[in-house]
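Student: My structure is below; once you've seen it, I'll send some questions.
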Amino acid sequence: MATIVSGFSKLSKEQKVDWLVNNHFSNATNAKQTLTQYWNEDEKLQQLHDEFIENTITNYYLPFGVAPNFVINDKVYTIPMTIEESSVVAAASKAAKFWQSRGGFKTQVISTTKIGQVHFMFEGEKDQLFSFFDHIKPKLIQDAKPITKNMEKRGGGILDIKLIDKTVDLDHYYQLHATFETLDAMGANFINSCLEQFAKTFKAEAEKQQLVPVEIIMSILSNYVPECLVRAEVSCKVEELAEKDINPNTFAEKFVQAVKIAEIEPYRAVTHNKGVMNGIDAVILATGNDFRAVEAGVHAYASKDGKYSSLTHAKIENGIFSFWIEIPLALGTVGGLTSLHPLVKLALKQLDNPTAKELMQIVAVAGLAQNFAALRSLTTTGIQEGHMKMHLMNILNQYEATTKEKEIIINHFKQNTVSHSAVVEQIEKLRA
Ligand code: MEV
């Protein structure tokens, strides 16, 4: 049973670990060993990680893998991926290889506008509020200059601010809806600072002009960014889809049907898009971006027409198979973790230090490739063949198989179907 603790954040890391293991584990020594075995010997590196969040007690490792052979707009990339799911990097690499000899991926950034809102309540005359806003708008922008001047020097900044009447949906509710260009920064701090300044100026000026009180509720960016859009596509002649056991026409038709099912059927769309996000999140994490923001925004976009639907689309036209994705991605390649976390810095360097626009394209490709790999398996062999092959190592590790045992069993399953029980049977047989 947990106990209430006060002043926990002020304890040292060692004291926090001691408190935790003594209060939550029957075998405190064992728990402490599990936690401290991940501490890095390099104290500076450890301190960097400790200071990312409050109450850090250890490091949580995830694999950092790479998927080579991605040809994007005729340039070759090796994409960094951070993910725990065994088959994801293998699937991405397979899809990259497949499309590398069929023209590669073509991408395009459609727009890069980010959004933030000041939400407020106003009970007075609507017309008076709108004319006050028109009058005050230049001052809103002017008062934010100390925050925006550096961004403006680089070509970004505030694009526009609009007053929106939301009183039909909620009594007295209005918003300042602002749009921003944040260039290579994801821009969350920049946008939120601007918004808080708008709110301050807006309220102060309203008071000066004795407008019926404006009650600021909150100022925050939106993670829904339907105007920060990127598109990625692959296409080839249907006959070029041929592979050893695959009839290209049947494959192309089944593939397009699979996408159409995800377009109209929400249960399938969610799983379909989960597969897309396998690729997207892995690159987002590896490059130090905010995967929760991306997830929230992408799924909202998947519902933009009033029903949750597929993020990818496919067609066959005049003998050409095309498969594409269009998604909102607010990413940064400067700021945040990008100049702090050594592996994030490495991941970005590995991608030739991309601009945010370039990273949007790479991430969209990772999502499309992942979805291609999943649908290719689902509509041909079924997903379990590849999944279980990759999962084999997890089962072997769970049973603490030795290197020799792994070698023999992996060899055995080259010709046999992997299942949990079949693997256990082989381990027991070997050990008998
Ligand atoms: C598993 O992580 C992802 C898939 O379920 C995606 C899909 O069904 O398209 C294989």
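Student: Would you kindly derive the ³J(HN,Hα) couplings of the stretch 57-68 from the backbone phi angles with the Karplus curve 6.51 cos²θ - 1.76 cosθ + 1.60 (θ = phi - 60°), listing them in order in whole Hz, with x for Gly and Pro?
Tutor: Coupling constants for the stretch 57-68: 10, 6, 10, 10, 7, 10, x, 10, x, 10, 10, x Hz.
Student: Tell me, what ³J(HN,Hα) does each residue in the stretch 334-349 have, in order and in whole Hz, if you take phi through Karplus 6.51 cos²θ - 1.76 cosθ + 1.60 with θ = phi - 60° and put x for Gly and Pro?
Tutor: My calculation for the stretch 334-349 gives 10, x, x, 6, 4, 10, 10, 7, x, 6, 5, 4, 5, 4, 5, 4 Hz in order.
Student: For the stretch 387-431, just run the numbers: alpha carbon Rg, then divide by 2.2 N^0.38 Å, N being how many residues it has.
Tutor: Working: Rg = 9.0 Å, N = 45, 2.2 N^0.38 = 9.3 Å.
Relative to the rule-of-thumb radius for its length, the stretch 387-431 sits at 0.97.
Student: Output the pairs from Lys244/Lys429; Lys200/Lys357; Lys162/Lys203; Lys106/Lys254; Lys32/Lys345; Lys114/Lys200 with a Cα-Cα distance over 27 Å in this structure; if there are none, say none.
Tutor: On the way: Lys244/Lys429 35 Å; Lys200/Lys357 32 Å; Lys162/Lys203 16 Å; Lys106/Lys254 23 Å; Lys32/Lys345 31 Å; Lys114/Lys200 21 Å.
Checking Cα-Cα distances, Lys244/Lys429; Lys200/Lys357; Lys32/Lys345 exceed 27 Å.
Student: Given the convex hull of the Cα atoms of the stretch 342-402, what is a quarter of its surface area in nm²?
Tutor: Values: hull surface 26.1 nm².
That works out to 6.5 nm².
Student: Sticking with this one: Name the residues whose placed amide hydrogens come within less than 5 Å of the amide hydrogen of Ser222, ignoring near sequence neighbours (fewer than 5 apart) on the same chain.
Tutor: Ile115, Gly116, Gln117
Student: To continue, here is another question. For the chain, what does -39500 (n - 2.57) per DSSP helix run (n ≥ 4), summed and divided by total residues, give at 222 nm, in deg cm²/dmol to the nearest 500? Spell out each step's value before the answer.
Tutor: Working: 15 runs with 209 residues, N = 432.
Rounded to the nearest 500, it is -15500 deg cm²/dmol.
Student: Mind jotting down the distance between the C-alpha centroids of the stretch 295-326 and the stretch 345-362, whole Å?
Tutor: 24
Student: Pull out a ≥ b ≥ c, the square roots of the eigenvalues of the alpha-carbon gyration tensor of the chain, then state rounded if a/c is under 1.5, prolate if not and a/b is larger than b/c, and oblate in the remaining case.
Tutor: Oblate.
Student: Apply 1/(1 + (r/R0)^6) to the Cβ-Cβ distance of Met218 and Ala432, taking R0 = 60 Å, and write down the FRET efficiency to the nearest 0.05. Mind showing how you got there, number by number?
Tutor: Values: r = 65 Å, r/R0 = 1.09.
The pair Met218/Ala432 has a calculated efficiency of 0.40.
Student: Can you tell me the relative contact order of the chain? Whole percent, Cα pairs under 8 Å, sequence separation 6 or more.
Tutor: Values: 691 pairs, mean separation 74.3, N = 432.
Dividing the mean separation by the residue count of the chain yields 17 percent.
Student: Something else now. May I ask for the distance between the Cα centers of the stretch 194-228 and the stretch 60-110, given as a whole number of Å?
Tutor: 42
Student: Measure nothing but the geometry: give the 0 to 90° angle between the long axis through the Cα atoms of 13-24 and the longest principal axis through the Cα atoms of the chain, rounded to 10°.
Tutor: 70
Student: Right, another one. When ligands, DNA and RNA are left out and all protein chains stay put, how many square angstrom of accessible area per residue does the stretch 387-431 have with a 1.4 Å probe? Each step should come with its number before you reach the end.
Tutor: Working: 3060 Å² over 45 residues.
About 68 Å² of surface per residue is accessible.
Student: For the stretch 8-50, what does the alpha-carbon gyration tensor say about shape, rounded, prolate or oblate, given a ≥ b ≥ c as the root eigenvalues, a/c under 1.5 as rounded, and a/b over b/c as prolate?
Tutor: Details: a/c = 3.67, a/b = 1.49, b/c = 2.47.
Oblate.
Student: Express in nm, to one decimal, how much length is gained between Met121 and Tyr60 on full extension, taking 0.36 nm for each residue of separation and deducting their alpha carbon distance. List each step's numbers first, then the result.
Tutor: On the way: separation 61, 0.36 × 61 = 21.96 nm, distance 4.33 nm.
Length gained between Met121 and Tyr60: 17.6 nm.
Student: Could you give the length gained by full extension between Ala422 and Val76, i.e. 0.36 nm per residue of separation minus their alpha carbon distance, to one decimal place? Don't jump to the answer; show the numbers that get you there.
Tutor: Working: separation 346, 0.36 × 346 = 124.56 nm, distance 4.00 nm.
Using 0.36 nm per residue and subtracting the Cα-Cα distance, I get 120.6 nm.
Student: Something else now. What distance in nm separates the two pseudo spin-label positions at Glu227 and Asp171, each 7 Å out from Cα along the beta-carbon direction?
Tutor: Using points 7 Å along Cα→Cβ, the separation is 3.2 nm.
Student: Let me ask something additional. Among Lys244, Lys32, Lys315, determine the one that fluctuates most according to a GNM of the chain built with springs between C-alpha atoms less than 10 Å apart.
Tutor: Per the Cα network of the chain with a 10 Å cutoff, Lys244 tops the list.
Student: Collect residues whose amide H, placed 1.01 Å from N in the peptide plane, falls under 5 Å from the amide H of Val230; neighbours closer than 5 in sequence don't count.
Tutor: Amide H neighbours of Val230, under 5 Å, 5+ apart: Ile110, Ile327, Leu329.
Student: May I ask you to evaluate 6.51 cos²θ - 1.76 cosθ + 1.60, the Karplus curve with θ = phi - 60°, for each residue of the stretch 235-252 and list the ³J(HN,Hα) values in order in whole Hz, giving x for glycine and proline?
Tutor: For the stretch 235-252, the Karplus curve yields 7, 6, 5, 3, 5, 6, 7, 4, 9, 3, 9, 10, 7, x, 5, 4, 4, 4 Hz.
Student: Continuing with the same structure: Around Ala269, what is the net charge, scoring Lys/Arg as +1 and Asp/Glu as -1 over all other residues with Cβ under 10 Å from its Cβ? Numbers along the way, then the final one.
Tutor: Working: positive: Arg268, Lys274, Lys307; negative: Glu263, Glu265.
Around Ala269, the charge tally is +1.
Student: Greater than 24 Å separation of Cα atoms is the criterion. Which listed pairs, Lys75/Lys153; Lys94/Lys274; Lys145/Lys166, meet it? Intermediate results must be reported in sequence, preceding the final value.
Tutor: Working: Lys75/Lys153 30 Å; Lys94/Lys274 18 Å; Lys145/Lys166 28 Å.
Listed pairs above 24 Å: Lys75/Lys153; Lys145/Lys166.
Student: Please give the direction-averaged projected area of the C-alpha convex hull for the stretch 114-221, in square nanometres with one decimal. Please report the intermediate quantities before stating the final value.
Tutor: Values: hull surface 25.1 nm².
Result: a mean projected hull area of 6.3 nm².
Student: Would you mind counting up the charge near Asn150? Only other residues with Cβ under 15 Å from its Cβ, with Lys and Arg at +1 and Asp and Glu at -1.
Tutor: Values: positive: Lys145, Lys149, Lys153, Arg154; negative: Glu152, Glu181, Asp184.
Charge balance in the 15 Å sphere: +1.
Student: Right, here's the next one. On average, how much accessible surface per residue is there in the stretch 1-133, in Å², for a 1.4 Å probe, leaving out ligands, DNA and RNA? Write out the running numbers ahead of the final one.
Tutor: Details: 7820 Å² over 133 residues.
Per residue, the stretch 1-133 has 59 Å² of solvent-accessible surface.
Student: Under 10 Å, Cα contacts only: if you run a Gaussian network model on the chain, which one of His135, His313, His391 comes out with the highest mean-square fluctuation?
Tutor: His135
Student: Can you list the residues of the stretch 177-217 with backbone N under 19 Å from a point 7 Å past the Cα of Gln128, pointing along Cα to Cβ?
Tutor: Only 202-216 pass the distance filter.
Student: Per the 1.4 Å probe, what fraction of the accessible area of the chain, in percent, lies on carbon and sulfur atoms? Don't jump to the answer; show the numbers that get you there.
Tutor: Numbers: 11900 of 22760 Å².
Carbon-and-sulfur percentage of accessible area, whole number: 52.
Student: Run the numbers for Glu51 and Tyr267: contour at 0.36 nm per residue of separation, minus the present Cα-Cα distance, in nm. List each step's numbers first, then the result.
Tutor: Numbers: separation 216, 0.36 × 216 = 77.76 nm, distance 4.05 nm.
Here the segment from Glu51 to Tyr267 would lengthen by 73.7 nm.
The values are calculated or read from the model by the stated rules, or taken from the named source; none is laboratory data. None of these values were measured; they are calculated from a predicted model. Note that each Cβ is placed from the backbone with ideal geometry, even for glycine, and that neighbours are counted across all protein chains shown. The area values use the complete protein model at the heavy-atom level, side chains included, leaving out ligands, DNA and RNA. Shrake-Rupley method; radii C 1.70, N 1.55, O 1.52, S 1.80 Å.
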